[in-house]
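Just so it is clear, none of the values below were taken in a lab; they were calculated from the coordinates. Only a predicted model underlies this, so the values are computations on that prediction, with no experimental measurement involved.
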Amino acid sequence: MKQVIFIPLIWFSAIIVKAQNAVIDSVVTGKVTVIKDSRLNVLAEKEAAFNEALVYATKSGKGYRLMVLSTADRAMAMKVRAQLLQNYPDQKVYMSYQPPYIKLKFGNFLTKEDADNSRKELLKTKLITNNIYLVPENIEIKPDKNREKESENK
């Protein structure tokens, strides 16, 4: 039992002596020695990356999407979806199922004019033969990193 108490006591006293020597050295030389764990740098980098991801995260807001297709034919819906993704990789295609119809919505547009211009462009390409409707919805808004950096610099 005495050994169990004695070993931690020696260890604790060694830490105190080392700390006291460091304090005395700093008083004599005027320098302070900081000893830190190298894992703190890794943790700080991860936290910085996480914070940046939060700042530039996708947010939602009011906007418009194009209702491109509403059909019960799954094969046709998948074909149109694939063509839209190939021809417009910068836009998203949203597919939903509301029995018995599969609905395809296209894009995230902030203004009605942008959505209407895309609707006209889609009609010209002859990808979609039916009507394309403008639908007001909550859309994904991706902040532009370049605009925010420019506004911070001003």
- Filter on 46/92; 46/112; 62/126; 103/142; 59/79 - keep pairs with C-alpha separation over 31 Å: 46/112
- Can you list the HN-Hα couplings for the stretch 97-113, worked out from phi with the Karplus curve (6.51, -1.76, 1.60; θ = phi - 60°), rounded to whole Hz and with x for Gly and Pro? 10, 10, x, x, 10, 9, 10, 10, 10, 10, x, 10, 10, 6, 10, 5, 5
- If the chain between residue 142 and residue 56 were fully extended at 0.36 nm per residue, the gain over the current Cα-Cα distance would be 30.2 nm
- Task: With 10 Å bins from zero, work out the P(r) of the stretch 60-141 over every alpha carbon pair and list the percent per bin.
- Result: 19, 55, 25, 1
